[in-house]
Amino acid sequence: MPTTDGYEFLQVQPVAGSLGAEVSGVDLGDLADQQFEEIHRAFLAHQVIFFRDQQLDEVAYISFARRWGDIMLYPYMQGLPDHPEILQVLKEPEDTYAFGSQWHTDSSFITVPPKATMLYALELPPAGGDTAYASMYHAYDALSDGMKRILADLRVLNIGDQRVPRFDELKGMKQQDPGEVQTRAYHPLIRTHPDTGRKALNVGAHSIEIEGLTKEESSPLLEYLYMHGTRQEFTCRFRWQEGTLGIWDNRCVQHYAIDDYQGHRRRMHRITIAGEEAPF
Ligand code: SIN
């Protein structure tokens, strides 16, 4: 049964113990301010939230996204010709790689990484194509006090997607040169969420070395944190349906597009919401 947890306009049903919730009772194309305020509250509480059966054209989708902040363009891929704010995440049946199929937080290689990312499901394979999410709050909380102290003042270098030459395998997505857009940034390994005040582990596929450590010291520690952060206990896995919109909090969540539907088409529309401050 859906839980209400003090919400007046929404029903909110968690999808796993650590993070994720399905939200029902709202039409995202026709939202009152009070409904949006509750959605934002559910987003902060559950870290990633999903709305099924939404009917949004591109204009309505962009208009919903703008309620969350400024829209950020992805530097390595072109958006839709008529709506560049929307990145079409597309895997064609013959493509041999899926965009986002590694654990990561979005665009952590810029000084102010995005606050949130939205994905709207348009075409799905008959089975598979789920997205997995991991709570970096829970990953932080589960570290020992000793490890928390070691990591407290460390920073990690994040670099852009030149580490993913497999983008060439995505025939339906149009790459572009990032030009002047920054693709290297140092961030704290432990960050504090600006809205909730909670601490979160801050690593992902873009993280390559810890500042001030030798490669021999940095690599095993990062490898450990990468594995630790995505332990099953900290994750949820979401099964999309056409018309589902998901939005995740990039400040406390890693995600992974599961590439298990070779030979089928999957088409999603993604909008990224700009961050408001550098991680601290
Ligand atoms: C992404 O990493 O933004 C894509 C996630 C997905 O397609 O499930």
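In the range 93-113, the residues that are farther than 13 Å from I258 by Cβ reach residues that are among the hydrophobic types (A, V, I, L, M, F, W, C) with C-beta atoms within less than 6 angstrom, at least six apart or across chains, in these pairs: D95/L170; H104/A205; F109/I159; F109/A185; I110/A185; T111/A185; T111/A278; V112/A278.
Wholly within the range 186-257, which strands (runs of 3 or more DSSP E) include no fewer than the required count, namely at least 1 residues that are within 23 Å of S101 (Cα to Cα)? Outline the logic, then answer.
On the way: elements: 190-192, 199-201, 207-210, 235-238, 245-249, 253-257.
Fully inside the range 186-257 and qualifying: 199-201, 207-210, 235-238, 245-249, 253-257.
Among the residues of the range 1-35, the ones that are of a type in the set (F, W, Y) and open to solvent by less than 30 Å² (accessible area, probe 1.4 Å) come to 1 in all. When the residues of the range 108-140 are filtered to those that are in a loop (DSSP other than H, G, I, E, B) and closer than 24 Å to R155 by Cα, the one that is farthest from the chain's Cα centre (by Cα) is T111. Taken over the range 146-176, the criterion of being closer than 22 Å to D259 by Cβ, open to solvent by 90 Å² or more (accessible area, probe 1.4 Å) and either at pLDDT 95 or above or part of a loop (DSSP other than H, G, I, E, B) (or both) is satisfied by K171, K174.
Taken over the range 129-142, the criterion of being open to solvent by 10 Å² or more (accessible area, probe 1.4 Å) and more than 11 Å from the ligand (Cβ to nearest atom) is satisfied by H138, Y140, D141, A142.
A residue that is touching a residue at least 24 places away in the same chain (Cβ under 8 Å), in contact with a strand residue (DSSP E or B) (Cβ under 7 Å, 6 or more places away or on another chain) and under 23 Å from H264 (Cα atoms) cannot be found anywhere in the range 35-44.
Within the range 250-264, the set of residues being of a type outside the set (S, T, N, Q) and either more than 19 Å from A121 (Cβ to Cβ) or within 13 Å of the ligand (Cβ to nearest atom) (or both) comprises R251, C252, V253, H255, Y256, A257, I258, D259, D260, Y261.
Residue by residue through the range 231-243, note down the ones that are buried (at least 20 other Cβ atoms within 10 Å of the Cβ) and within 15 Å of the ligand (Cβ to nearest atom). I'd like the intermediate steps shown before the answer.
Step one: filter the range 231-243 for residues buried (at least 20 other Cβ atoms within 10 Å of the Cβ), giving 234-236, 238, 240.
Matches in the range 231-243: T235, C236, F238, W240.
When Y76 is tested against (1) in contact with a helix residue (DSSP H, G or I) (Cβ under 9 Å, 6 or more places away or on another chain); (2) at pLDDT 95 or above, exactly one condition is not met: (2).
Among the residues of the range 91-102, what is the count of those that are more than 9 Å from the ligand (Cβ to nearest atom) and surrounded by fewer than 20 Cβ atoms within 10 Å (Cβ to Cβ)?
Of the residues in the range 91-102, the ones more than 9 Å from the ligand (Cβ to nearest atom) are 92-97.
In the following step, the residues that additionally are surrounded by fewer than 20 Cβ atoms within 10 Å (Cβ to Cβ) were identified as 92-94, 96-97.
The qualifying residues number 5.
The values are calculated or read from the model by the stated rules, or taken from the named source; none is laboratory data. Bear in mind that the values here come from a model prediction, so they are computed numbers and not experimental data. Reconstructed Cβ throughout: ideal geometry from the backbone, glycine too, with neighbour counts over all protein chains shown. Please note that ligands, DNA and RNA were not included when accessible areas were found on the heavy atoms of the full protein model with its side chains. Shrake-Rupley method; radii C 1.70, N 1.55, O 1.52, S 1.80 Å.
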